[in-house]
Amino acid sequence: FATGDIEGNKNSIGILKSTDGGSTWNPTALTFTPSQYYRISKLIMNPGDPLNIIAATNGGIFRTTDGWVTSTNTLTNVDLKDIKFNPANPDTIYTAGTTFWKSTDNGQTWNQNTSGGLPSTNVSRIALGVTSANSNYVYALIGKASDQSFLGMYLSTDGGNNFSLQASSPNLLGYNTDGLDLTAGQAFYDLCMAVSPTNPLIVTTGGVNHWQSTDGGVTWTNKSYWAAGQIHADVHELNYLPGSSTTLFSCNDGGIFISTDNATSWTDISHNLSIAQVVGIGLSPNSPTKIVDGEQDNGTNLLTG
């Protein structure tokens, strides 16, 4: 469990570990104090070795081969926001923040891609996508630093060595369903994607809304509208159900939603999860048992009694 919140600017105290299915948690050797200002963006676990875990942070890469009994900081002074194993070879790892890096020795050493077709300026943040349908495919969804809108979708078909621009419009990160609000977006806050595990050309992105391409990121169709009420805005994570190419989970500011038709329709499955973030509370001056709270992007609740 990685503590902190990269998008809510909450500092990390390190990585916690459970060996009883999540009932109890204990610190590991990778421990920070909040005043160190570390933030962990993502943990990835080697599918063939659960003791081999890689953490991407705003201070670079931390790597363990013994389940965080010990760890090493193998890439330093780089602010990273995403990390992915190559689906066919866990020795090959991709990570990115505003720059793209690749390791071919399970994260022990890293090389920055500086001449492979990715933009070097006006980059706010890069989200990565890989697929078991073709382990040579690596997608890079990039937001602009200037206004946090869509800079481009890039695709590598040679394992992250060379990238080509697939599209720079419509604005996949904006608020509108037509994508014509060209300078709107929240790339610093919500940016993610998922690639179909059976078709490397099907890509779904998350920002304020969901968008999907079926031709490798060249053309795009809007799959959700934040103001319509079907699914909440601000998508932070998209994942396929293991073993399925049609069931997709969207983790957003409204909870967890599921689609069983590859992002065409969505159902909220976060009922009864105590996960709302309360940012304000008020007590009635006239009734000591009447309480109102305000939740981050999720309205208010009134309790009487």
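Couple of notes before you dig in:
- Looking only at residues of the stretch 270-294 that are under 23 Å from Leu238 (Cβ atoms) and open to solvent by less than 80 Å² (accessible area, probe 1.4 Å), we find that the one that is modelled with the lowest pLDDT is Ala276.
- Candidate set from the stretch 62-81 (those that are touching a residue at least 40 places away in the same chain (Cβ under 8 Å) and farther than 17 Å from Ser12 by Cα); member that is nearest to the chain's Cα centre (by Cα): Gly67
- Condition met for Ile44 (within 26 Å of Ala187 (Cα to Cα) and crowded, with 20+ Cβ neighbours inside 10 Å): no
- Beta carbons closer than 7 Å, at least 6 apart along the sequence or on distinct chains, pair a first residue in the stretch 231-242 that is in contact (Cβ under 8 Å) with a residue 40 or more places away in the chain with a second that is open to solvent by 40 Å² or more (accessible area, probe 1.4 Å) and among the acidic types (Asp, Glu) for Asp234/Asp297.
- Cβ-Cβ under 8 Å pairs, at least 6 apart or on other chains, the stretch 111-134 side without any contact (Cβ under 8 Å) to a residue 24 or more places away in the chain, far side crowded, with 19+ Cβ neighbours inside 10 Å: Asn111/Trp101; Asn111/Lys102; Asn111/Ser103; Gln112/Phe100; Gln112/Trp101
- Those strands (runs of 3 or more DSSP E) lying entirely in the stretch 98-199 with at least 3 residues aliphatic (A, V, I, L, M), within 21 Å of the chain's Cα centre (by Cα) and at pLDDT 95 or above: 123-130, 138-144, 150-156, 192-195
- Residue list for the stretch 47-94, filter: open to solvent by 70 Å² or more (accessible area, probe 1.4 Å) and of a type in the set (A, V, I, L, M): Leu51, Val69, Ala88
- When the stretch 230-276 is filtered for residues that are of a type in the set (A, V, I, L, M, F, W, C) and at positive phi, only Ala263 remains.
- Within the set Thr247, Thr267, the sole residue that is open to solvent by 60 Å² or more (accessible area, probe 1.4 Å), closer than 29 Å to Thr131 by Cβ and modelled with pLDDT of 95 or more turns out to be Thr267.
- Tally of residues being at negative phi, part of a loop (DSSP other than H, G, I, E, B) and open to solvent by less than 70 Å² (accessible area, probe 1.4 Å) across the stretch 1-19: 7
- Filtered residues of the stretch 188-210 (kept if among the β-branched types (Val, Ile, Thr) and touching a residue at least 60 places away in the same chain (Cβ under 8 Å)): Val195, Thr198, Ile202, Val203, Thr205
- Residue in the stretch 57-69 that is farther than 19 Å from Asn111 by Cα and either assigned to a helix (DSSP H, G or I) or of a type in the set (Phe, Trp, Tyr) (or both) present: yes
- Selection count, the stretch 146-169, where residues are open to solvent by 50 Å² or more (accessible area, probe 1.4 Å) and under 19 Å from Gln186 (Cα atoms): 3
- Pick from the stretch 204-238, criterion over 15 Å from Ile258 (Cα atoms) and of a type in the set (Ser, Thr, Tyr), ranking: surrounded by the most Cβ atoms within 10 Å (Cβ to Cβ): Ser213
The values are calculated or read from the model by the stated rules, or taken from the named source; none is laboratory data. Nothing here was measured: the structure is a model prediction, and the numbers come from that model. Heads up, the Cβs are rebuilt from the backbone with ideal geometry, glycines too, and the neighbour counts pull from every protein chain shown. Accessible surface areas use protein heavy atoms only, side chains included; no ligands, DNA or RNA. Shrake-Rupley method; radii C 1.70, N 1.55, O 1.52, S 1.80 Å.
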